1. For PRO44, work out the one condition from (1) without any contact (Cβ under 8 Å) to a residue 40 or more places away in the chain; (2) part of a strand (DSSP E or B) it doesn't fulfil.
2. Any residue in the stretch 1-30 that's in a helix (DSSP H, G or I): show its pairings with residues that are not hydroxyl-bearing (Ser, Thr, Tyr) at Cβ separation under 6 Å, as long as the two are six or more apart or on different chains.
3. If the Cβ limit is 7 Å and pairs must be 6+ apart or interchain, which residue in the stretch 59-76 that is over 18 Å from MET100 (Cβ atoms) pairs with which residue that is modelled with pLDDT under 90 and not in a loop (DSSP other than H, G, I, E, B)?
4. Can you name the number of the only condition in (1) assigned to a loop (DSSP other than H, G, I, E, B); (2) surrounded by 12 or more Cβ atoms within 10 Å (Cβ to Cβ) that ALA34 fails?
5. Among (1) at pLDDT 95 or above; (2) closer than 18 Å to ALA89 by Cβ; (3) among the basic types (Lys, Arg), where does LYS13 come up short?
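The values are calculated or read from the model by the stated rules, or taken from the named source; none is laboratory data. Just so you know, these numbers come straight off a predicted model, no measurement behind them. As a convention, Cβ positions derive from the backbone with ideal geometry for all residues, glycine included, and neighbour counts pool all protein chains shown.
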Amino acid sequence: MVELDAYFKAQEKVYSYFGYQENWRAIPLNDARAMFWCLEGEGPGLVCYADSKEELATQSGEYYEASIYTQRHLPKWVYRGKDYTMVVADTHCDLNIFLMIFSNSKEIKNGQ
């Protein structure tokens, strides 16, 4: 099936971009490139994300938080690329864990 071959080829390109290697558990991709986002906390911490800078700053409206998901089979949980960052995130909703992909141009650091 051509579509299935294309799907796995595209997934491998995404994994390669981030230097991610699937291990022990298959975690689905989540496209969060349209979201404004930041990392918070010491250690694994949180990834916070929202539809707008204002919602992220005020933690209101379409604002969300997810714990950075850790497992001993992964060497790291935040994978930074030149233009995009992939965060392994646990939403604490219906056991959903995602490889969330954010645009680096929408990252908010240190109260920007």
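1. (2)
2. Here the result reads TYR17/GLY81; PHE18/GLY81; PHE18/MET86, each pair linking the stretch 1-30 to a residue that is not hydroxyl-bearing (Ser, Thr, Tyr).
3. That search, which allows pairs on different chains as well, returns HIS73/ASN23.
4. All conditions pass for ALA34, except number (2).
5. Condition (2) is where LYS13 drops out.
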